[in-house]
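Q: The structure that follows is given in the form of structure tokens.
The values are calculated or read from the model by the stated rules, or taken from the named source; none is laboratory data. For clarity, every value in this text was computed on a predicted model and none was experimentally measured. Methodologically, a virtual Cβ is constructed for each residue, glycine included, from the backbone with ideal geometry; neighbour enumeration extends over all protein chains shown.
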Amino acid sequence: MSQSPDLDLRLVRYFTVVAEQLHFGRAAEILRIAQPSLSRQIRRLEQELGACLLDRTPQGSRLTEAGEVFLPHARALLRTAARAASQARAAAEPSRLVVGYTSNLIVTPAVRELRRRHPDADVRALHLDWNEPRTALLDHRVDAVIARLPLTAAELEVTVLYEEPRVLVVPLDHRLVGKESVTLDDIADEPLPRVRDDAAWNAFWRIDPRPDGSRAPEGPFVGALEDKFELIAAGQAVAIVPGGLGLDRMRPDLTTVPLDGIDPSHVVLATRADDRSRLLASFRKVARALLTGGAP
């Protein structure tokens, strides 16, 4: 009988990052290791498995058939390991909670109140990129997240905390600056930024398709909020964003115009559906009471 390989979870994680980026250079930057070292680690994993997982090309990398098969199992393995570690910590340290939050969402009142109610608890806050909340929860990096919809709810418990109006972001010299409000008809031909591999985000923040069934004009792809604002400032796009984003404090060369005739966005509390810790239940109560969208 052949012996099963003893997989190094660190190497498995390296593989998942390369598989997501399909580029060793970008993956190395994310993992903060040297590219030659990353290549050696992936080869080591392939040797342990006895299968080639990635084809390297001058343009980047692509998954082999074996890599395609291994990737979902690798992700499940990492999540299982994270869950086991989290549950072990919870058993040893029953009073620990990490609260994630995304751009310009203030969690301080709820975090402070939780610390007041549970002075022996280790309560921490952790900033997340706009597209990290679901992964951070399922990977057990955080125990609760304050974020904006859309957010895939499978395996999560999602509670709406409050609404924010959606507004249009334009450069200061845009033709719509100064208007009291605008509608979708006013931006029918304006390109709006897109993100890759997130149909729900594109549908909600680009309003695509439009109520009349027409498609929103295609805009450039972006991966970071700062890149989106740079495109707008350069006159290459406009964007629809939550009114609570605090744009006036972030970019003095951009402004917002109220957008009429569309539903607001929602700020939510998301947790893992199977997490029943008492500290998390306490945080849920204070979040509902204190995180209402008003000034802290």
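Q: Limited to the range 23-49, what total is found for residues that are at pLDDT 90 or above and not in a helix (DSSP H, G or I)?
A: Selection size over the range 23-49: 2.
Q: From the set of residues in the range 211-231 that are of a type outside the set (D, E, K, R), within 14 Å of ILE187 (Cα to Cα) and touching an Asp or Glu at 6+ places or on another chain (Cβ under 8 Å), which is surrounded by the most Cβ atoms within 10 Å (Cβ to Cβ)?
A: Just the residues of the range 211-231 that are of a type outside the set (D, E, K, R), to begin with: 211, 213-214, 216-217, 219-225, 229, 231.
Within this subset, residues satisfying the condition of being within 14 Å of ILE187 (Cα to Cα) are 211, 214, 216-217, 219.
Narrowing the set further to residues that are touching an Asp or Glu at 6+ places or on another chain (Cβ under 8 Å) leaves 216-217.
Numbers: ALA216: 21, PRO217: 15.
Ranking the candidates gives ALA216 first.
Q: Give me the helices (runs of 4 or more DSSP H) completely within the range 195-296, filtered to those with at least 3 residues that are in the same structural domain as TRP130 (by TED's automatic domain parsing) and aliphatic (A, V, I, L, M), ordered by residue number.
A: Output list reads 278-290.
Q: Further question: Among the numbered criteria (1) surrounded by 12 or more Cβ atoms within 10 Å (Cβ to Cβ); (2) on the phi < 0 side of the Ramachandran plot; (3) in contact with a strand residue (DSSP E or B) (Cβ under 9 Å, 6 or more places away or on another chain), which single criterion is violated by ALA234?
A: Just one mismatch for ALA234, condition (1).
Q: Could you list, ordered by first residue, the pairs with Cβ atoms under 8 Å in which the first is in the range 1-22 and at pLDDT below 75 and the second is assigned to a helix (DSSP H, G or I) and not basic (Lys, Arg), at least 6 apart or interchain?
A: Matching pairs, first to second residue: PRO5/GLU48; PRO5/LEU49.
Q: Within the range 12-45, how many residues are in contact with a strand residue (DSSP E or B) (Cβ under 9 Å, 6 or more places away or on another chain), over 21 Å from ARG196 (Cβ atoms) and buried (at least 19 other Cβ atoms within 10 Å of the Cβ)?
A: 1
Q: Going through ALA270, ALA239 one at a time, which residue ends up being closer than 21 Å to VAL142 by Cβ, touching a strand residue (DSSP E or B) at 6+ places or on another chain (Cβ under 9 Å) and modelled with pLDDT of 95 or more? Full working, then the answer.
A: On the way: ALA239 fails: closer than 21 Å to VAL142 by Cβ.
Just a single option satisfies the conditions, and that option is ALA270.
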